[in-house]
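In what follows, a structure is listed as structure tokens, so that the remarks can point back to it.
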Amino acid sequence: QTFDYMTFKGISFNSDIDAFAANMEKIGYTQVLAQECAAVFSGNFAGKDNCTIIVLATDKSKLVWKVMVNFPEQISWRSLKNEYESFKELYTKKYGTPNNYEFFEFSYEEGDGCELTALELEKCTYTSYFDTNQGMVVLGISSSKNIDVTYEDKTNVEIWKIEKEQSILSEI
């Protein structure tokens with residue numbers, strides 16, 4: 001059985017975390033933290049400087065299952081929303097129409113001047129889910145006032161779930 005794995009910057013998720021990290025460094029990222037099942041890098045992504053890239057691996061087999069990109073923090077709702085809309089358009093061109101969840105919760109609304117407060121209090125959701133054959137790409141505005149993009153590999157997410165469950169079952 002052959003699997004079609006997600007890639008990040010041309011690096012396949014069909015890799016253990018050490019090989020993935022080495023490839024990240026080869027393409028110019030600086031590793032700022034290394035742990036058994038996680039690695040953190042800094043560098044440029046999609047034309048944005050000073051991004052943080054977090055790579056997560058499964059507990060046992062150390063396979064990469066998730067990569068998260070955090071863009072630098074923004075100081076205004078307008079700049080956040082414009083950046084989100086711009087990237088949503090680009091990701092739509094690449095991955096097709098997403099499922100969008102874009103709303104403010106009770107007592108907050110766009111235009112009230114309190115959008116960043118709503119965001120910090122998690123009363124604002126701006127997230128687009130792109131389902132691909134290889135996995136899921138999620139674009140969103142985070143409560144930390146930045147854009148983030150998450151890549152999850154379909155095959156390795158399942159391995160992560162199995163290994164996590166086995167680990168818990170061995171403890172109980």
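The values are calculated or read from the model by the stated rules, or taken from the named source; none is laboratory data. As the structure is a computational prediction, the values presented were derived from the model and not from experiment. Cβ sites come from the backbone with ideal geometry, for glycine too, and all protein chains shown count toward neighbours. What goes into the accessible areas is simple: the full protein's heavy atoms, side chains included, and nothing from ligands, DNA or RNA. Shrake-Rupley method; radii C 1.70, N 1.55, O 1.52, S 1.80 Å.
Key figures for this structure:
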quantity	calculated
Within the stretch 37-48, considering residues that are within 27 Å of E83 (Cα to Cα) and among the small types (G, A, S), the one surrounded by the fewest Cβ atoms within 10 Å (Cβ to Cβ)	G47
Answer residue from the stretch 49-61, given it is on the phi < 0 side of the Ramachandran plot and not in a loop (DSSP other than H, G, I, E, B) and is most open to solvent (accessible area, probe 1.4 Å) among those	D49
Qualifying residue in the stretch 148-162 (condition: farther than 30 Å from N14 by Cβ and in contact with a strand residue (DSSP E or B) (Cβ under 7 Å, 6 or more places away or on another chain))	no
Counted residues, the stretch 99-141 - those being acidic (D, E) and under 20 Å from the mean Cα position of the chain (by Cα)	4
Subset tally (residues that are in contact with a strand residue (DSSP E or B) (Cβ under 9 Å, 6 or more places away or on another chain), exposed (fewer than 15 other Cβ atoms within 10 Å of the Cβ) and polar (S, T, N, Q)) for the stretch 62-84	0
Members of the stretch 15-36 that are in a loop (DSSP other than H, G, I, E, B), at pLDDT 95 or above and surrounded by 14 or more Cβ atoms within 10 Å (Cβ to Cβ)	Y29
Selection from the stretch 70-119 of residues that are on the phi > 0 side of the Ramachandran plot and touching a residue at least 24 places away in the same chain (Cβ under 8 Å)	G96
Listing of strands (runs of 3 or more DSSP E) fully contained in the stretch 85-152 that carry 2 or more residues being surrounded by 18 or more Cβ atoms within 10 Å (Cβ to Cβ)	124-131, 135-141
Residues of the stretch 153-172 satisfying the condition of being outside any strand (DSSP E or B) and charged (D, E, K, R)	K154, E158, K161, E163, K164, E165, E171
Residue within the stretch 7-17 that is farther than 30 Å from C114 by Cα and aliphatic (A, V, I, L, M) present	yes
Filter result for A39 (in a helix (DSSP H, G or I) and either within 14 Å of the chain's Cα centre (by Cα) or of a type in the set (A, V, I, L, M, F, W, C) (or both))	no
